[in-house]
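Report on the following structure.
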Amino acid sequence: MNRRNSKLARGLVDAFLRLWHMRNLLLLVIPYFLLLGWLFVGGSRMDTRPAAVYEVPRQPAWEKPDAEHWFGTTGNGADLFELSRLAMANSVAAAVVSVSGGIALALLVAMLFVFDPGTRRFALLQAARRTGFLLPSMVVLVILTGGGGGSFGVVIFGFVLVIAFHLCPVLADWFQEGEKGFDVMAGYILGLSRREIVRNRVLPGVLHRLIGVFAVCVPVVVLAEMTLSFLGLTGDRLNCGAMIASGQGLLIEAPWMSIYPGVMATVVVLVLTLLGWGVSASLRTRLSASSLKHHGNRSEPFA
């Protein structure tokens, strides 16, 4: 019984110490998920279309922004703040799906090359980096979405391809960097296979970095998706870009219907960007500290 209690106490202490070492990262991750949760709470009207939101009846029921309706109301009397929040939820959801799909596709492609023992196994992926400088991503997205007739599925597909295309060379660099670690060299000395070394000693570090990539890429894709929506290339979906575009015709009668969705988009993207860069920086710091620790352990026997 005492042994069980001691194991439980030791486990609780270890868990607390891990959380304490991750406190800076948790202080950034928790607000990130709280913001996402706030965006997606109460999504019963997620199928609302911009045409219905900005339809002006003969006797408009809109109201200017006040204490009750922070962003004012539409011509049908709907709360514009709530509609803007749902519009941002649509954009963020599209960004989360696109970034997740792009990261998964890039990792899958990189894994096709990483088990090759040759020294030039990543040459093809490195060539893609040189091509990327000649291929502006937004031009590709506009061509894809325009050619697809403004389908939302085509937009997601285009984002996934562009993200994977630019991320594959980065993953190649990370795998090559990870293979130079002391623990990898020790694995080869111990006779471990390349598959075991990559799976157990190189891949975990790459996956940790991908968390930061996800956090940084989401606000960028949100901005790109809203830009395409403003151009009318993402279909008939409720989106802040589409709301801003639709509100251009009401700048005299109801200017808040164009301005305040932009305010919502600016604030949400700014918060996502700051939190995303903070998460990425915290992860880089942890990985650097871990790398220094391994190098320190390597030099200790020769001190």
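If residue 109 passes every condition in (1) under 23 Å from residue 239 (Cβ atoms); (2) surrounded by 14 or more Cβ atoms within 10 Å (Cβ to Cβ) but one, which one does it miss?
(1) is the only condition that residue 109 fails.
Which of the residues that make up region 178-224 are of a type in the set (Lys, Arg) and without any contact (Cβ under 8 Å) to a residue 24 or more places away in the chain? Steps first, please.
First pass over region 178-224, keeping only residues of a type in the set (Lys, Arg): 180, 194-195, 199, 201, 209.
If the condition is that a residue be of a type in the set (Lys, Arg) and without any contact (Cβ under 8 Å) to a residue 24 or more places away in the chain, then 180, 199, 201 are the ones that fit.
When you scan region 151-200, how many residues do you find that are surrounded by 18 or more Cβ atoms within 10 Å (Cβ to Cβ), farther than 30 Å from residue 98 by Cβ and at pLDDT 75 or above?
Result for region 151-200: 1.
If we keep just the residues of region 87-125 that are in a helix (DSSP H, G or I) and among the polar types (S, T, N, Q), which is nearest to residue 267 (Cα to Cα)? Step through it out loud before you land on a result.
Step one: of region 87-125, the residues in a helix (DSSP H, G or I) are 87-114, 123-125.
Still in the running and among the polar types (S, T, N, Q): 90-91, 98, 100.
Details: 90: 16, 91: 14, 98: 21, 100: 23 Å.
If we take residues in region 87-125 being in a helix (DSSP H, G or I) and among the polar types (S, T, N, Q), then 91 is nearest to residue 267 (Cα to Cα).
From the set of residues in region 186-205 that are part of a loop (DSSP other than H, G, I, E, B) and among the small types (Gly, Ala, Ser), which is farthest from the chain's Cα centre (by Cα)?
In the first step, residues of region 186-205 are kept if they are part of a loop (DSSP other than H, G, I, E, B); the result is 190-193.
Now restrict to residues that are among the small types (Gly, Ala, Ser): 191, 193.
On the way: 191: 38, 193: 34 Å.
Looking at residues that are part of a loop (DSSP other than H, G, I, E, B) and among the small types (Gly, Ala, Ser), I get 191.
Which count do you get for residues in region 65-86 that are among the acidic types (Asp, Glu) and assigned to a loop (DSSP other than H, G, I, E, B)? Can you show your working first?
At the first step, the residues of region 65-86 found to be among the acidic types (Asp, Glu) are 66, 68, 79, 82.
Retained after the next criterion (residues that are assigned to a loop (DSSP other than H, G, I, E, B)): 66, 68.
Residues flagged as among the acidic types (Asp, Glu) and assigned to a loop (DSSP other than H, G, I, E, B) within region 65-86 amount to 2.
For region 39-54, indicate whether the set of residues that are closer than 30 Å to residue 282 by Cβ and part of a helix (DSSP H, G or I) is non-empty.
yes
Being assigned to a loop (DSSP other than H, G, I, E, B), modelled with pLDDT under 85, surrounded by 19 or more Cβ atoms within 10 Å (Cβ to Cβ) and not acidic (Asp, Glu), is that true of even one residue in region 249-266?
yes
Do you know which residues across region 52-85 are at pLDDT below 80 and under 29 Å from the mean Cα position of the chain (by Cα)?
Of everything in region 52-85, just one residue is at pLDDT below 80 and under 29 Å from the mean Cα position of the chain (by Cα), namely 53.
Mind checking which pairs have a first residue in region 241-258 that is within 19 Å of residue 223 (Cβ to Cβ) and a second that is crowded, with 21+ Cβ neighbours inside 10 Å and among the polar types (S, T, N, Q), Cβ under 6 Å, 6 or more apart or different chains?
241/229; 242/229
The values are calculated or read from the model by the stated rules, or taken from the named source; none is laboratory data. Here the structure is a predicted model, which means the values were calculated and not measured. Please note: Cβ atoms are built from the backbone with ideal geometry, for glycine as well, and neighbour counts cover all protein chains shown.
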